[in-house]
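Step one of this worksheet: look at the structure below.
We did not get these values from a lab; they are worked out from the coordinates using the rules stated. If you're wondering where the values come from, they're calculated on a predicted model, not measured in any experiment. As a convention, Cβ positions derive from the backbone with ideal geometry for all residues, glycine included, and neighbour counts pool all protein chains shown.
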Amino acid sequence: MIENIVRPTRVVAGSWVEVIASNLDYHRATFLWKCAGLTEAQLRQRSVPPSSLNLLDLMRHLQGVERYWLQHRLAGTTPRFFPYLTSTTADGDEWFDESDPTPAKDVYADYLSACDDSRAVFTHATENVARLEPNPEFGATDVRFILTHVIEEYARHIGHADLLRQSLDGQTGE
């Protein structure tokens, strides 16, 4: 399903927005690299207890990060969210339901679509990085915060993906 992922070279000297955009693409590719070559069953395999996390759950979550933070909060669009099954946690948070039957190939296509949609609005949405955006979780945030928060989401979940992948087949890597 997911094969031949090539991580792009990151911009290490350029405008702040160019550096962030290249890092986002690098992190997107790194996440997909962690999922490459796995079967549907492996993508759905749960991690070591007590966690019930799997790579497919992370992929569903990251499409939500793309749509909520980059498309809705940053660009002010009304993104189209795929109708995944969700459940409410004991804390009242909404999370993807483990029993969601959506095939991995469809989750993958949805994730790629979310990334493409984010790229399409990125340049215009980042023209004024000091612009303040209201946010119910953090209060008024500027564009720089939103972008670094998305990088934070990717960095955290790529770490989870590292551990999940190693538990599946022993593969490790940067």
| field | Overall Cα dimensions of the stretch 1-160 - principal axes, largest extent first, Å | value | 43, 38, 27
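What net charge do the residues around Arg44 carry, taking every other residue with its C-beta under 9 Å from that of Arg44, with Lys and Arg at +1 and Asp and Glu at -1?
On the way: positive: Arg46; negative: Glu40, Asp57, Glu98.
Its environment carries a net charge of -2.
Please express the shape of the stretch 72-135 as an equivalent ellipsoid: the semi-axes are the square roots of 5 times the eigenvalues of the C-alpha gyration tensor, given largest first in whole angstrom. Don't jump to the answer; show the numbers that get you there.
On the way: eigenvalues 153, 65, 11 Å².
Ellipsoid half-lengths, sorted descending, are 28, 18, 7 Å.
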| remark: Between the residues Leu58, Val48, Val17, the Cα farthest towards the positive end of the dipole of the stretch 1-60, that dipole coming from +1 and -1 charges on the beta-carbon of Lys, Arg, Asp and Glu, is from Val48
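Could you give the size of the charge dipole of the stretch 1-72 about its Cα centre, using +1 on the Cβ of each K and R and -1 on the Cβ of each D and E, expressed in debye and rounded to the nearest 20? Mind showing how you got there, number by number?
On the way: 8 positive and 6 negative charges, 31 e Å.
Dipole size: approximately 140 debye.
Let me know the charge dipole size of the chain about its Cα centre in debye, to the nearest 20, where only the beta-carbon of Lys, Arg (+1) and Asp, Glu (-1) is charged. Numbers along the way, then the final one.
Values: 16 positive and 25 negative charges, 72 e Å.
The calculation lands at about 340 debye.
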| Of Val129, Val143, His157, which is farthest on the positive side of the dipole of the stretch 113-165, counting Cα position, with +1 on Lys and Arg Cβ, -1 on Asp and Glu Cβ, and the Cα centre as origin? | His157
| field | On Cα atoms only, tilt of 104-125 relative to the major axis of the chain in degrees | value | 10
| request: Per DSSP H run of n ≥ 4, the term is -39500 (n - 2.57); total these for the chain, divide by its residue number, and report the mean residue ellipticity at 222 nm rounded to 500 deg cm²/dmol. | output: -16500 deg cm²/dmol
| query | What order, most packed first, do the peptides 111-120, 81-90, 139-148 have when packing is the mean number of other Cβ atoms within 10 Å of each residue? | reply | 111-120, 139-148, 81-90
| message | With angles folded into 0 to 90 degrees, how steeply does helix 143-169 sit against the dominant principal axis of the chain? Use alpha carbons for both and round to 10. | response | 10
| request: Could you state the angle between the C-alpha long axis of helix 55-65 and the longest principal axis of the C-alpha atoms of the chain, as a value from 0 to 90 degrees rounded to the nearest 10? | output: 20
